[in-house]
Amino acid sequence: MTTLLDALRATVGAAHVLHDGDLSAYEVDWRKRYRGRALAVVRPGSTAEVAAVVRLCREHGTSLVPQGGNTGLVGGGVPDDSGRQVLLSLGRMQRIRQIDADNLTLTAEAGCVLQTLQQAAGEAGLLFPLSLAAEGSCTIGGNLASNAGGTQVLRYGNARELCLGLEVVTPQGEVWDGLSGLRKDNTGYDLRDLFIGSEGTLGVITAATLKLHPRPGATMTALAACGSIEACVALLRRARQRLDAGLTGFEVMERFALDLVAKHFSTLPQPLPAARWTVLLELAAPDEAQARALLEAVLGEALESGEVDDAVVAESLAQSQALWHLRESIPLAQAEEGLNIKNDIALPVSAIPGFVTEMADTLRALVPGIRLVTFGHLGDGNLHYNLQAPQGESAAAFLAQHEAALNQRVYDAVMARGGSFSAEHGIGALKRGELARRKSPVALGMMRAIKQALDPDGLMNPGRLLGP
Ligand code: FAD
């Protein structure tokens, strides 16, 4: 193996092949659930270097695990514990290659941090709307590889819908330049869409051309207190009817999710402390006066009809940011509380109230004292339906004893309602068993055929997504 390491050093520079010392930032996932061991962490600085690294690994029969910001939640971006995989970190590839204001596109390298792209678009007077709580450290390569969703999907779509073109290094070490900024290009199979959501199993995304949008004149954020999940869905229906494409965010948070935030981040103000369910709405409009008038009208009607018990509209940008901060602090508060069972589920919005009510009874009967942390992107039919150990019980013991049975109940109920067991986080290592069990044999057969055609030697992130 010394020869491979020497060749890698000669290719990317010795300083960018990390072999000894503490590599936990790369080898342990964000949730600290997966701990792998890499042969080396290799940090190429250009597409040509990525291609050379892939070719070298190929010659040595060594598999690769691409990694961006290592914020993924399904254990897909860390190596296994064999000590034989090369971890390919894209973190040095941070160049914004072009902003084309007339074409409303931005082309950037895969290691660009999402927040940096949002800022660059903003400085050009435009908007890159992909937005999630990990935006300060996740990368656009990782966002596309996992087809990330986030808080603006309702209006702008997920990562797939925000991407026009890709540059990819194939498992053979060739470079596919598909960096098109075209909205229309019907010239055969859509290779771009194949790589989006492929979680590093088909090739390495090295750059992307992304869709920008005009910046709305004003955005306005509000919190509304609802007495039930049915009332939240009724408010969503009303908000959609009244605000149409102006509605850019619609998030729900059950009381216990916000209680965890209060426990671990006690300085964050909670404007509606008594709410059983809290809804965060965001609206975009040409100017602030219109935004406020529209939002206040919708909330006024909802108060009158009894869907909403109380509401606050942010008075300033700082207040609006504080309301979003509350929502975005839930995963962090959960991480502070201890390891938990993460369920990132999608359902038709109409099926959500029935699911939430039935599941709470089922799971509490199965594990008395279980704590349900329910929050998420209700506007997209996407709930983070997370399960925390009963107060005072060991999280590790809870997972070991109950994870399989609880997940089976949750996913059976989700699938029976036409839902998905992974809405936006992907499959990685965590959900590969569910994929094998629950995806149709026809779909699995086509997925395996694609993997076999593009990566016949199984060098790209083996064991992830499709399993061994
Ligand atoms: P990594 O974690 O490094 O990798 C993720 C996967 O992509 C791995 O399989 C990896 O092998 C692959 N990969 C990474 N880079 C490349 C590349 N260049 N080429 C090929 N494959 C690659 N997700 C949502 O969808 N919506 C949310 O609202 C959301 N909120 C989150 C909040 C928090 C606090 C955290 C920690 C995570 C959240 N996530 C959310 C998870 C989300 O998937 C990631 O944050 C993000 O999309 C992953 O980007 P990353 O650069 O960290 O990728």
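Every read-out reported here was derived from the displayed coordinates using simple, explicitly stated rules and does not represent laboratory data. A quick note: this is a predicted structure, and the numbers were derived from the prediction, not measured. Methodologically, a virtual Cβ is constructed for each residue, glycine included, from the backbone with ideal geometry; neighbour enumeration extends over all protein chains shown.
Some notes on this structure:
- Among the conditions (1) out of contact with any strand residue (DSSP E or B) (no Cβ under 9 Å at 6 or more places or on another chain); (2) on the phi > 0 side of the Ramachandran plot, residue 393 misses just one, which is (2).
- Matching residues in the stretch 399-429 - criterion: being polar (S, T, N, Q) and in contact with a helix residue (DSSP H, G or I) (Cβ under 9 Å, 6 or more places away or on another chain): 407, 420, 422
- The set of residues from the stretch 176-186 being in contact (Cβ under 8 Å) with a residue 60 or more places away in the chain and within 13 Å of the ligand (Cβ to nearest atom) is empty.
- Answer from 180, 137 - the residue that is part of a loop (DSSP other than H, G, I, E, B) and under 26 Å from residue 250 (Cβ atoms): 137
- Among the conditions (1) crowded, with 17+ Cβ neighbours inside 10 Å; (2) farther than 21 Å from residue 72 by Cα; (3) in contact (Cβ under 8 Å) with a residue 40 or more places away in the chain, residue 370 misses just one, which is (3).
- For the stretch 120-147, the candidate set comprises residues that are within 27 Å of residue 48 (Cβ to Cβ), touching a helix residue (DSSP H, G or I) at 6+ places or on another chain (Cβ under 8 Å) and not hydroxyl-bearing (Ser, Thr, Tyr); within that set, the residue that is farthest from the ligand (Cβ to nearest atom) is 128.
- Total residues in the stretch 336-358, condition assigned to a helix (DSSP H, G or I) and surrounded by fewer than 15 Cβ atoms within 10 Å (Cβ to Cβ): 5
- Helices (runs of 4 or more DSSP H) wholly inside the stretch 1-116 containing at least 3 residues that are among the hydrophobic types (A, V, I, L, M, F, W, C) and within 14 Å of the ligand (Cβ to nearest atom): 47-59
- When the residues of the stretch 324-353 are filtered to those that are closer than 18 Å to residue 152 by Cβ and among the hydrophobic types (A, V, I, L, M, F, W, C), the one that is farthest from the ligand (Cβ to nearest atom) is 349.
- Residues of the stretch 148-170 that turn out to be within 21 Å of residue 44 (Cα to Cα) and either touching a Ser or Thr at 6+ places or on another chain (Cβ under 7 Å) or near the ligand (Cβ under 8 Å from one of its atoms) (or both), as a count: 3
- Count of the stretch 187-226 residues which are more than 16 Å from the ligand (Cβ to nearest atom) and either of a type in the set (Lys, Arg) or assigned to a strand (DSSP E or B) (or both): 13
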